[in-house]
1. What figure in square angstrom, to the nearest 10, would you give for the accessible area of Tyr92 with a 1.4 Å probe?
2. Along the Cα→Cβ direction, 7 angstrom out, place labels at Leu220 and Met158. What is the inter-label distance in nm?
3. Can you tell me, using C-alpha contacts under 8 Å and at least 6 residues apart, the relative contact order of region 18-80 as a whole percent?
4. Within the accessible area of the chain, what % is carbon and sulfur when the probe is 1.4 Å and the other protein chains stay in place?
5. In nm, to one decimal, how far is the Ser28 label point from the Ala113 one, both placed 7 Å along Cα→Cβ?
6. For Leu209 and Gln123, FRET efficiency with R0 = 22 Å and r from the beta-carbon atoms, rounded to 0.05?
7. Excluding ligands, DNA and RNA, what is the solvent-accessible area per residue of region 18-80 at a probe of 1.4 Å, expressed in Å²?
8. Once label points are set 7 Å from the Cα along Cα→Cβ at both Glu93 and Glu16, what is their separation, rounded to one decimal in nm?
Amino acid sequence: MSKVLTLPSAEPGDNETLAEHIFRKIQSAIVKGEIAPGSKISEPELARIHGVSRGPLREALHRLEGQKLLVRVPHAGARVVSLSPKELAELYEIRESLEGMACRLAADRMPPAEIEELRQVLQAHEKDEAFQAGIGYYQQEGDYDFHYRIVKGSGNEMLFRMLCDELYQLARMYRIQYSTTPNRPRQSYAEHHRILDAIADRDGELAELLMRRHIRASRLNIENQIAQGNLKRTEA
C-alpha cells in the first residue's frame, strides 16, 4: 500500500542552521520572481531584512551561486541570474532531450508504488488554489514536483545530478514565473497525466515523445511571452 503524501511545512526545520534557513528563503524569493531576474544583490540590505550577520548570509549566497541562481558580475557584485532568450532556449533544449530520456527510463524502472505516489502528486497539484483559479501552477519542489519525481524514477544517478541538482532551481525558476499564461496551467496538467499514463503502461517510447512535446510547448509559451514583452528583467 502506497503512503499518502503530505505537503511540506514552510516553517524552519528543527535542525536547520541559520545559513540554511536564509538560503531557503532567498532561493524561494528568486525562484518565485519576488526578487526579479537581473536584480543587484546587496549584502547589507539582505542582512538587515533578514536580521542576520554577513557570515551566514554569504554562505547562503555562495550556495545560490552554485545553483546558478546568482551570478558574479565584474566590478558590479552579485546579481540574480537573467538568461537571454538564446540561453533560455538552450536550457529548454537540454531539458527536452534529457527529461525525455528520463521518461523512457522511468517507464522501464519506476516501481508501481512510485507511479501511484506520482498520481497523488498530480492530485495535490489539482487542489492547489492558484491552479483552481487558473492563475498559476503548483510550486512545490523535490518529491512534490512531477518532473523531479520522474527523473528520480529513471534510476540514472548521473542524469539525476544534472537535472535535479545543477540545473534544477534555474529551470524551476522559469517554469514558475511563466506558468501564469491563460490556459497553460491546465494544458500542462493534462500533459502530465498523459505522460504518467504512458509510464504506467510501460511505453517508454510514447512517454519520451510526450515529455519532449510537453517541454517544447513550455518553451514556445515562454518565447511567445518574451516576444510580447513579458520577459521580466531588471537592468542596471
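1. Near enough 10 Å² of accessible area.
2. 3.2
3. Reported relative contact order: 43 percent.
4. Heavy-atom surface of the chain belonging to carbon and sulfur, 1.4 Å probe: 50 percent.
5. 3.0
6. That gives a FRET efficiency of 0.35.
7. Here the per-residue accessible area is 51 Å².
8. According to this spin-label approximation, the distance is 3.8 nm.
The values are calculated or read from the model by the stated rules, or taken from the named source; none is laboratory data. It should be emphasised that the depicted structure is a prediction, and the values quoted were computed from it without experimental measurement. Cβ coordinates were reconstructed from backbone atoms using ideal geometry, including for glycine residues, and neighbour counts include every protein chain displayed. We work out accessible area using only protein heavy atoms, side chains counted, and drop any ligands, DNA or RNA first. Shrake-Rupley method; radii C 1.70, N 1.55, O 1.52, S 1.80 Å.
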